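No value in this document is a laboratory result; all are computed from the given coordinates. Keep in mind that what you see is a predicted model, and the values were worked out from it rather than measured. Cβ: placed from backbone, ideal geometry, glycine included. Neighbour counts: every protein chain shown.
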Amino acid sequence: MIGTIQAARKSKSGQTLSIQIEGVWYTSKNWELEQAVNRRVIFEPSVQSFPDGGSCTWLNDYVFEDAQTTPAAAAMNQAMAQQPTPPVEAYQQSYSAQQAQTPPAAPQAPVAPNKDAVIGALALCKCCTPGTPEQVFSNFVFLYHKLNGWDSTIPY
């Protein structure tokens, strides 16, 4: 969801923050939002139901539309910048060498992708150090092919 923060106030207990976005109130423990009135925010709300039948809507994951960064994201970006670049080139070279050894096949009807391998590769890509779009796609293709050829009878 996208909206402008219209108001922010501490709860009576002082443990949470109430945030009004586009007329709807959300609960958060992200205290930096208290200083973000009149800023546009992109967020994902989640509803928590209580045993008494009540509920509250949480605002936990967000990014400011103008800066595209939160303090947590800035810290993560700084930490990731200090990490060495993974050897993606080695994966690309081994994959390219494997493709060069395989003779081209006759054209065939398209085969539907293995959905489990796609989901697994997408999930594992989130663990990879971000880089250029080409590196990210190369990581996805590499992981997809690994998972697509996975033999669960082999222990590792």
Response to the item:
Stokes-Einstein D for segment 2-73 (37 °C, 0.692 mPa s, Kirkwood Rh from Cα pairs), in µm²/s, comes to 263
Worksheet item: Around Ser18, with a cut-off of 12 angstrom between Cβ atoms, what is the net charge of the other residues, counting Lys and Arg +1 and Asp and Glu -1?
Response: +3
